[in-house]
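Everything below concerns the one structure shown next.
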Amino acid sequence: MSRPTQIIIDLPAIRHNCQIAARLAPHAHVVAMVKADAYGHGATQVAKALEPQVAKFGVCCIEEAQTLRQAGVNKPIVLIEGCFSAEEYQLAAQINCELLIHTEQQISQLLASNSAFRFTIWLKLDTGMHRLGIDIEKTAAVVQALQASNKIEKLILTSHFASADELNGSFTSQQMFRFEQVVSKLKALNAGAFDISLANSAAVLAWPQSHQDWIRPGIMLYGISPFSDQQQQADELVPVMHFCSKVIALREVKQGEYVGYGNTWQAKRSSVIATIAAGYGDGYPRTAPSGTPVLIKGHRAELAGRVSMDMLSVDVTDLTAVEIGDHVELWGAALDVNEVARFAGTNGYELVTRMPPRAKRFYL
Ligand SMILES: *Cc1c(COP(=O)(O)O)cnc(C)c1O
């Protein structure tokens, strides 16, 4: 038997989660975000599974787009940070990418490029996140320059929310208000036709006014809620990544003895410790402290001591009949990755995205 550490990716669950996005925004088209190897789920497999039901894919760079093209993905691919150099425009045209533009430098490069290709351009406006995007004051001039050029097939005005996961906050409304003001101004100037795209997963789930023409769901496709509290729509998502292993050793530890590196966990009573074949070398976060939940044959138990590279230890004293070979879920169907993430001081996005190649993926 080989090492039992596995990542099982439930592709039908991804399709289900994508249907939820489409159902919530029935008048919008779906751009499935598959950047960073589809948040660690395998971009090729995820894109192939979703291609029949989405309009486009979103990736971070041309290398990610090339990977999808080599795998036979044909739908348009949006480069969500645009091109990084003047040479990339030609290549982006060859493999049918759409370009996001967020700086005036990128506009100059596009207008100067000698490709005859007409791109669909996603013009990003900075409505308050202050990470990427054109200053909203300059939008009209920029739109007019783009519309007057012969480089554009279609224009999509876009912006990104800083805190759409905060359901009671006012910042998302403020960002939408700033965006609407720009749109009114462009309409008053007769600045030509354009589509609008604002919504990430949190906005798809909780801010229907943001849906507009194109939604850009990411994390929700992978069955992970972007919210820290329960939310009605997010509760329908089905987890996609199941991170599993097995018990490979069991021992009794006397009261007062320690477990693991650094002796950080001490037995308060005579205890039973199960050793699991999964560690930070497999993507389990080393920052997860003692007490983090782990499921053994479906029952909750607590991490005991530091996570090692290849193993972790669990206090199974209160579980009956644990045996070597028992199934362990680190996160997945019955243990929300967001819960493990909270213990580890991060979020579900990071945990699934940083899974290393050593942990083999199996696709349902
Ligand atoms: C990653 C990303 C998204 C998706 O965000 P989620 O929170 O994962 O839904 C949407 N739009 C842009 C521009 C992104 O970079």
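List of remarks:
- Some residue of the range 171-185 being within 30 Å of Phe117 (Cα to Cα), open to solvent by less than 20 Å² (accessible area, probe 1.4 Å) and within 15 Å of the ligand (Cβ to nearest atom): yes
- Tallying residues that are within 23 Å of the chain's Cα centre (by Cα) and either loosely packed, with under 13 Cβ neighbours inside 10 Å or not assigned by TED's automatic domain parsing to the domain that holds Leu155 (or both) within the range 100-139 yields 2.
- Filter result for the condition that a residue is surrounded by 19 or more Cβ atoms within 10 Å (Cβ to Cβ) and in a helix (DSSP H, G or I), over Ala32, Ala22, Ala38: Ala38
- Elements of type strands (runs of 3 or more DSSP E) in the range 68-135, at least 2 residues being in contact (Cβ under 8 Å) with a residue 24 or more places away in the chain: 97-101, 119-126
- Restricting the range 126-170 to residues that are within 12 Å of the ligand (Cβ to nearest atom) and of a type in the set (A, V, I, L, M), the residue that is nearest to Lys185 (Cα to Cα): Ile156
- Residue match in the range 307-330 (condition: hydroxyl-bearing (Ser, Thr, Tyr), touching a Gly at 6+ places or on another chain (Cβ under 8 Å), open to solvent by 70 Å² or more (accessible area, probe 1.4 Å) and more than 16 Å from the ligand (Cβ to nearest atom)): no
- Residue that is surrounded by the most Cβ atoms within 10 Å (Cβ to Cβ) [pool: residues in the range 80-99 that are within 16 Å of the ligand (Cβ to nearest atom) and acidic (Asp, Glu)]: Glu98
- Gly192 vs. criteria exposed (fewer than 15 other Cβ atoms within 10 Å of the Cβ) and within 25 Å of the chain's Cα centre (by Cα): no
- Residue within the range 231-244 that is away from the ligand (no atom under 16 Å from the Cβ), of a type in the set (A, V, I, L, M, F, W, C) and in a strand (DSSP E or B) present: yes
- The range 142-170, residues that are surrounded by 19 or more Cβ atoms within 10 Å (Cβ to Cβ), in a loop (DSSP other than H, G, I, E, B) and not basic (Lys, Arg): Ser159, His160, Phe161, Ala164, Asp165
- Residues being assigned to a loop (DSSP other than H, G, I, E, B) and touching a helix residue (DSSP H, G or I) at 6+ places or on another chain (Cβ under 7 Å) - total across the range 212-230: 7
- Sole residue being assigned to a loop (DSSP other than H, G, I, E, B) and either of a type in the set (Gly, Ala, Ser) or touching an Asp or Glu at 6+ places or on another chain (Cβ under 7 Å) (or both), chosen from Gly325, Gly281, Gly262: Gly325
- The range 1-18: number of residues that are over 17 Å from the mean Cα position of the chain (by Cα) and within 11 Å of Leu50 (Cα to Cα): 1
- Scanning the range 65-79 finds no residues that are open to solvent by 10 Å² or more (accessible area, probe 1.4 Å), within 15 Å of the ligand (Cβ to nearest atom) and under 23 Å from Ile156 (Cβ atoms).
- Subset tally (residues that are open to solvent by less than 20 Å² (accessible area, probe 1.4 Å) and assigned to a loop (DSSP other than H, G, I, E, B)) for the range 331-364: 4
- Matching residues, the range 239-276, being under 16 Å from Arg306 (Cβ atoms) and among the aliphatic types (A, V, I, L, M): Val253, Val259, Ala267, Ile273, Ala274, Ile276
- In this entry, Pro52 is excluded by the filter for residues that are in a loop (DSSP other than H, G, I, E, B) and either under 25 Å from Ser225 (Cα atoms) or assigned by TED's automatic domain parsing to the domain that holds Asn347 (or both).
- Answer from Thr320, Thr287 - the residue that is part of a loop (DSSP other than H, G, I, E, B) and either aromatic (Phe, Trp, Tyr) or more than 29 Å from the chain's Cα centre (by Cα) (or both): Thr320
- Within the range 198-214, being within 11 Å of the ligand (Cβ to nearest atom) and either under 10 Å from the mean Cα position of the chain (by Cα) or surrounded by fewer than 24 Cβ atoms within 10 Å (Cβ to Cβ) (or both) holds for Asn200, Ser201, Trp214.
- Residue check for Gly262: under 26 Å from Ser2 (Cβ atoms), surrounded by fewer than 22 Cβ atoms within 10 Å (Cβ to Cβ) and away from the ligand (no atom under 14 Å from the Cβ): no
The values are calculated or read from the model by the stated rules, or taken from the named source; none is laboratory data. Everything numeric here is computed off the predicted structure, so don't read it as measured data. Ideal geometry is used to build each Cβ from the backbone, glycine not excepted, and the neighbour counts take in all protein chains shown. Ligands, DNA and RNA are excluded from the accessible area calculation, which covers all protein heavy atoms including side chains. Shrake-Rupley method; radii C 1.70, N 1.55, O 1.52, S 1.80 Å.
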